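Peer 1: Dumping the structure here so I can ask a few things about it.
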Amino acid sequence: MIKNRNNVFLTTFTVLFFVIMLLTSFSLQGIAQNENENNVQKLAVINGEVITLDIFEQFWELIPDSYKVQLNKEDVLEQLITQTLLIQKADELNLREEPEIAFQIKNAIDQILIQALLEKEIIDKTVLSDDDIEMYYEENKENYWQEEEIHALNILVETQEKAEEIINELNEGKIFSDLAKDHSTSSSAAEGGDIGFITKGTLKTEIEEKLFILDPGEVSDIIPIENGFHIFKVLEKNPSGYIELDEVKEEIKYQLLPIKQQEAFDKYLEEVEEKAIIEKNTDLLKEVD
């Protein structure tokens, strides 16, 4: 029992550690307000600095939902208090003024600003129209060709005699999936012999020659191969052809959107650079070790 409680503690500690690292990355200039500010709902006051309800809510929104289920809000507040105390100690030591740390702070702020800029100017403004999706589909139609496929059940046994017995039982009305569970040596036996959809060209030629000529509901002849004897039953059959646009629309969106965003970014950057005055002294690069 103690061991289980320790495991829970360690899991919670790990999550909280992740959260505090996440929160810290978004709070380079501190999280607290001065205590004498009016009209604030104070959750905690640390050496005169206030953690307000609004600040807490902002941090809470940053936490992924998958982590929230493991967190207690009071624990997160304690982490914010700890963070405030540590920032106060860092300020007592004037760490913000140290060149290396100041550079890291500036770099982190710059990255946050760039991310915000890209979200506002590129991500939020890049949308895909139905025409964009249809054009991409037509230009890349060869990627959406589907070979003939069948959905089948399979029984694999070791001897011809056993296979013939099973054929007889099928002719007597026995259910194929039940016989697969009872007699098949294939890994699909537990699923009633269900091997899912098989695309033409993925199985041995001697199997496909007898399998793909069947219609849904039909059972194959016994098919001997080196490791035994197969019997198949076809459940569904899809002819070869192009996958319909509606079936791959979401897939195309997933593929096309980053392309469109990159194109928008390239154009945006080009416009920014055209309006900028940029001077370079590449000779100085030689001085860098």
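Peer 1: Keeping to segment 118-157, report how many residues are surrounded by fewer than 12 Cβ atoms within 10 Å (Cβ to Cβ) and more than 21 Å from THR202 (Cα to Cα).
Peer 2: 10
Peer 1: The conditions are (1) exposed (fewer than 14 other Cβ atoms within 10 Å of the Cβ); (2) in the same structural domain as ASN154 (by TED's automatic domain parsing), and LYS233 fails exactly one of them. Which is it?
Peer 2: The single condition LYS233 does not satisfy is (1).
Peer 1: Looking at SER220, SER240 in this structure, which one is more than 31 Å from the chain's Cα centre (by Cα) and small (Gly, Ala, Ser)?
Peer 2: Criteria check complete, one pass: SER220.
Peer 1: Scan segment 114-143 residue by residue and report those that are of a type in the set (A, V, I, L, M, F, W, C), part of a helix (DSSP H, G or I) and farther than 15 Å from TYR268 by Cβ.
Peer 2: Of everything in segment 114-143, those that are of a type in the set (A, V, I, L, M, F, W, C), part of a helix (DSSP H, G or I) and farther than 15 Å from TYR268 by Cβ turn out to be ILE133, MET135.
Peer 1: Are any of the residues in segment 254-262 out of contact with any Cys (no Cβ under 9 Å at 6 or more places or on another chain) and either of a type in the set (Asp, Glu) or on the phi > 0 side of the Ramachandran plot (or both)?
Peer 2: Within segment 254-262, none of the residues are out of contact with any Cys (no Cβ under 9 Å at 6 or more places or on another chain) and either of a type in the set (Asp, Glu) or on the phi > 0 side of the Ramachandran plot (or both).
Peer 1: Identify the residue in segment 63-84 that is surrounded by 14 or more Cβ atoms within 10 Å (Cβ to Cβ) and hydrophobic (A, V, I, L, M, F, W, C) and, among all such residues, is farthest from the chain's Cα centre (by Cα).
Peer 2: Across segment 63-84, the extreme among qualifying residues is ILE81.
Peer 1: Kindly check whether there is at least one residue in segment 214-235 that is within 17 Å of ASN143 (Cβ to Cβ) and in contact with a strand residue (DSSP E or B) (Cβ under 8 Å, 6 or more places away or on another chain).
Peer 2: For segment 214-235, residues within 17 Å of ASN143 (Cβ to Cβ) and in contact with a strand residue (DSSP E or B) (Cβ under 8 Å, 6 or more places away or on another chain): absent.
Peer 1: Further question on the same structure: Might you check whether a residue that is part of a strand (DSSP E or B) and surrounded by 13 or more Cβ atoms within 10 Å (Cβ to Cβ) occurs anywhere in segment 255-270?
Peer 2: So far as segment 255-270 goes, no, none of its residues is part of a strand (DSSP E or B) and surrounded by 13 or more Cβ atoms within 10 Å (Cβ to Cβ).
Peer 1: Between THR205, THR199, which is surrounded by fewer than 16 Cβ atoms within 10 Å (Cβ to Cβ), more than 28 Å from GLU138 (Cβ to Cβ) and out of contact with any Phe, Trp or Tyr (no Cβ under 9 Å at 6 or more places or on another chain)?
Peer 2: THR205
The values are calculated or read from the model by the stated rules, or taken from the named source; none is laboratory data. All values derive from a computational prediction rather than experimental measurement. When we count neighbours, we look across all protein chains shown, and the Cβ atoms used for this are built from the backbone with ideal geometry, even at glycine.
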